[in-house]
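A.B. asks: One structure is given below, represented as structure tokens, and several questions about it will come after.
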Amino acid sequence: MGIRRRHWAWAAAPLALALAAATGCESTNTSTPGARARPTAAPSSTPVARVCAKPAAGPAKAPAGAVTVDPAVVGDLVAKTKNNPPNTTFWLRPGKHRLDPDRYAQVVPKEGNRYLGAPGAVLDGRKTNQYAFGGTARDVTIRHLTVQRFVAPHDEGVVNHDSADGWVIEHATIQYNSGAGLMAGARQRVRACCLRGNGQYGMNAYKAEGRLSGLVVEGNEIVGNNTGDWERRRKGCGCTGGVKFWAVDGADVRGNWVHHNRGTGLWADTNNNDFRIENNVVEANDGAALIYETSYNAVIRNNTIRRNNWVEGRREADRGDTFPFATVYLSESGGEPRIRARTDKIEIYRNVLENNWSGITLWENADRFCNSPANTSSGDCTLLVRDTDRCAKPAIAEPPLYADCRWKTQRVDIHGNRFVLDKSVVKCTVKCDRMAVLANYGTYPDWSPYQGEKVAEAITHKQGNRWHDNVYLGPWKFVAHDPSRVLDFGQWQGTQYQQDAGSTLAPRAGG
């Protein structure tokens, strides 16, 4: 699988992570004690999916017609899967189930197979087997099963290794594996699962051939992933997170608790489209809560986002970097009416962002476009241009390619949110208080039609990016056009930028 590199390296720092403490613990309320009640533009809290501490129990007895799998027999699950027809239900007895001690030994389901774990049923790779469930069979179901200690290679996954379509994974605990705990196929449903302590990703939603559509990620706890600290080992790889989404067309990500991951919590990277990210609690991740990168058309609403980006944001500030590293980061992503989706913009509303390192940054890299050597998306082009070679001089300098060869941060509507910052909680003095819309000065390559301030002017003034009717509590600052333009609230609302009409700011989080 090709690695897409981010244009701006946010290498993850080590996190002193106590998984036992992070999993199932009561969430800390970081609201300022004694704060006066104020009108809020968003809900104050969201229910938390505490599924790692309280997993739902599977059936204590084999369902009628099910094939019973014996943990005392090594390889019993593989053998019985092979010897039974499609659409068979398997019930795994309590105990530790093992595969043969061959690194490639794995369960290869047949279409419609169902795997149900009894209370205490564990499929253990013993740090020997690479994959738990693979193959291309459709409509496989895995419920109430713990899958642990498999050693998938980098960028590969343990469950649904081959990204088969229509799988349902529910009430499963997928933990302490290398690589990704889960891969994803089209129409996959991942519900009420504990994705914990995996070496690279909790889930890597990637399909090598074709676009991955109709993904549901609902009610899961996604905690402590990227134990391998891959951004440090492969600087700037963009290859970590609680969940990473690649070229997914249609996803509902709702009701999850995404916390204490090393790096980003949720990261959609390269030609994703039509996302609804709602009713999640995203907190205490080392990096951003959410990155939406070179992607299109999303609704981000009713989320509680708190205490994110303290590690990565602080590290970059300590290095003197002036870029507004944010907890919600839209990089070359926007609404595009020509691409079919449930919305034709990116709408961010009714969220609470509390005591994160900075707020929302809308960014474009002027040097990142189809066919540019600076394009960090491994040669991908936008969804508006099928033939990347068309994005070359002289045609790229004229319509329609001038617009269509570049991923654009456009049609972003940010409203009805509540932004709270208490620097004594974040323990920062500077650079943790930014809301931003900006681009760099275009310089590369020498044939680029986007050189100079063209992109910075466009993202700031011409692409329909708008904040309005938000509530700010705390000493917020605002960045527009480029990192050097740091504004106060009056300048941000003034005639030059005309942002945050109808919004209010109280300079102290407690006042």
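The values are calculated or read from the model by the stated rules, or taken from the named source; none is laboratory data. All of these numbers come straight from a predicted model, not from anything done at the bench. We place every Cβ from the backbone using ideal geometry, glycine too, and count neighbours over all the protein chains shown. Protein only, heavy atoms only, side chains kept; ligands, DNA and RNA dropped before computing areas. Shrake-Rupley method; radii C 1.70, N 1.55, O 1.52, S 1.80 Å.
A.B. asks: Every residue in the range 154-207 that is in a strand (DSSP E or B) and among the acidic types (Asp, Glu), please.
C.D. replies: If the condition is that a residue be in a strand (DSSP E or B) and among the acidic types (Asp, Glu), then 170 is the only one that fits.
Table: residues versus (1) among the charged types (D, E, K, R); (2) more than 22 Å from residue 406 (Cα to Cα).
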residue	(1), (2)
266	no, yes
273	no, no
281	no, yes
294	no, no
300	no, yes
305	no, yes
319	yes, yes
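A.B. asks: I'm trying to understand the selection: among the residues of the range 115-140, which are touching a Pro at 6+ places or on another chain (Cβ under 9 Å), surrounded by fewer than 24 Cβ atoms within 10 Å (Cβ to Cβ) and not in a loop (DSSP other than H, G, I, E, B)?
C.D. replies: 116, 121, 122
A.B. asks: A further question follows. Determine if the range 209-216 includes at least one residue that is buried (at least 22 other Cβ atoms within 10 Å of the Cβ) and closer than 23 Å to residue 117 by Cα.
C.D. replies: No, the range 209-216 has no match at all.
A.B. asks: Check 261, 285 and return the single one that is modelled with pLDDT of 95 or more, touching a His at 6+ places or on another chain (Cβ under 9 Å), closer than 21 Å to residue 198 by Cβ and part of a loop (DSSP other than H, G, I, E, B).
C.D. replies: 285 is the lone residue from the list that is modelled with pLDDT of 95 or more, touching a His at 6+ places or on another chain (Cβ under 9 Å), closer than 21 Å to residue 198 by Cβ and part of a loop (DSSP other than H, G, I, E, B).
To keep it simple, each residue is scored yes or no on (1) hydrophobic (A, V, I, L, M, F, W, C); (2) under 22 Å from residue 421 (Cβ atoms); (3) open to solvent by 10 Å² or more (accessible area, probe 1.4 Å).
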position	(1), (2), (3)
314	no, yes, yes
320	no, yes, yes
324	no, yes, no
333	no, no, no
337	no, no, yes
353	yes, yes, no
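A.B. asks: Hey, among the residues in the range 299-312 that are charged (D, E, K, R) and under 16 Å from residue 357 (Cβ atoms), which one's surrounded by the most Cβ atoms within 10 Å (Cβ to Cβ)?
C.D. replies: 306
A.B. asks: If you scan the range 141-175, which residues turn out to be touching a Cys at 6+ places or on another chain (Cβ under 6 Å), surrounded by fewer than 22 Cβ atoms within 10 Å (Cβ to Cβ) and among the aliphatic types (A, V, I, L, M)?
C.D. replies: Answer for the range 141-175, where residues must be touching a Cys at 6+ places or on another chain (Cβ under 6 Å), surrounded by fewer than 22 Cβ atoms within 10 Å (Cβ to Cβ) and among the aliphatic types (A, V, I, L, M): there is none.
A.B. asks: How about the range 413-457: which of its residues are in a helix (DSSP H, G or I), in contact (Cβ under 8 Å) with a residue 24 or more places away in the chain and either open to solvent by 10 Å² or more (accessible area, probe 1.4 Å) or closer than 16 Å to residue 323 by Cβ (or both)?
C.D. replies: Once the filter is applied, which keeps residues that are in a helix (DSSP H, G or I), in contact (Cβ under 8 Å) with a residue 24 or more places away in the chain and either open to solvent by 10 Å² or more (accessible area, probe 1.4 Å) or closer than 16 Å to residue 323 by Cβ (or both), the range 413-457 yields 423, 425, 454, 455, 456, 457.
A.B. asks: Can I ask one more? Among (1) under 30 Å from residue 278 (Cβ atoms); (2) assigned to a loop (DSSP other than H, G, I, E, B); (3) touching a Phe, Trp or Tyr at 6+ places or on another chain (Cβ under 7 Å), where does residue 56 come up short?
C.D. replies: (3)
A.B. asks: Which count do you get for residues in the range 218-229 that are surrounded by fewer than 24 Cβ atoms within 10 Å (Cβ to Cβ) and either in contact with a Cys (Cβ under 7 Å, 6 or more places away or on another chain) or closer than 24 Å to residue 316 by Cβ (or both)?
C.D. replies: Selection size over the range 218-229: 3.
A.B. asks: Sort out which residues of the range 478-488 are under 30 Å from the mean Cα position of the chain (by Cα) and either crowded, with 19+ Cβ neighbours inside 10 Å or outside any strand (DSSP E or B) (or both), and write them in order of number.
C.D. replies: Hits for the range 478-488 are 478, 479, 480, 481, 482, 483, 484, 485, 487.
A.B. asks: OK, next. Scan the range 195-217 and give yes if some residue there is in contact with a Cys (Cβ under 8 Å, 6 or more places away or on another chain) and aliphatic (A, V, I, L, M), otherwise no.
C.D. replies: no
A.B. asks: Then there's this: Exactly one condition in (1) assigned to a helix (DSSP H, G or I); (2) within 23 Å of residue 273 (Cα to Cα) is not met by residue 380; state its number.
C.D. replies: (1)
A.B. asks: Taking the residues in the range 231-249 that are under 16 Å from the mean Cα position of the chain (by Cα) and open to solvent by 10 Å² or more (accessible area, probe 1.4 Å) as candidates, determine which candidate is farthest from residue 163 (Cα to Cα).
C.D. replies: So the residue we want is 249.
A.B. asks: Quick one: in the range 338-389, of everything that is polar (S, T, N, Q) and at pLDDT 95 or above, which residue is farthest from residue 457 (Cα to Cα)?
C.D. replies: Filtering the range 338-389 for residues that are polar (S, T, N, Q) and at pLDDT 95 or above, the one farthest from residue 457 (Cα to Cα) comes out as 355.
A.B. asks: Residues of the range 389-409 being outside any loop (DSSP other than H, G, I, E, B) and surrounded by 12 or more Cβ atoms within 10 Å (Cβ to Cβ), which ones?
C.D. replies: Those that are outside any loop (DSSP other than H, G, I, E, B) and surrounded by 12 or more Cβ atoms within 10 Å (Cβ to Cβ): 390, 395, 396, 397, 401, 402, 403, 404.
A.B. asks: Could I ask something else about it? Please specify each residue of the range 256-284 satisfying the condition of being open to solvent by less than 10 Å² (accessible area, probe 1.4 Å) and acidic (Asp, Glu).
C.D. replies: 269, 283
Per-residue answers, yes or no, for (1) polar (S, T, N, Q); (2) under 26 Å from residue 282 (Cβ atoms):
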{"position": "309", "(1), (2)": "yes, yes"}
{"position": "327", "(1), (2)": "yes, yes"}
{"position": "354", "(1), (2)": "no, yes"}
{"position": "360", "(1), (2)": "no, yes"}
{"position": "367", "(1), (2)": "no, no"}
{"position": "370", "(1), (2)": "no, no"}
{"position": "387", "(1), (2)": "no, no"}
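A.B. asks: Sticking with this structure for a sec: Just checking, does the range 289-298 include any residue being open to solvent by 10 Å² or more (accessible area, probe 1.4 Å) and in a loop (DSSP other than H, G, I, E, B)?
C.D. replies: Scanning the range 289-298 turns up no residue that is open to solvent by 10 Å² or more (accessible area, probe 1.4 Å) and in a loop (DSSP other than H, G, I, E, B).
A.B. asks: Still on this model: Exactly one condition in (1) out of contact with any Gly (no Cβ under 7 Å at 6 or more places or on another chain); (2) within 30 Å of residue 503 (Cβ to Cβ); (3) of a type in the set (A, V, I, L, M, F, W, C) is not met by residue 385; state its number.
C.D. replies: Condition (2) is where residue 385 drops out.
A.B. asks: So which residues in the range 299-324 are among the β-branched types (Val, Ile, Thr) and either under 13 Å from the mean Cα position of the chain (by Cα) or part of a strand (DSSP E or B) (or both)?
C.D. replies: Result: 299, 300, 304, 305.
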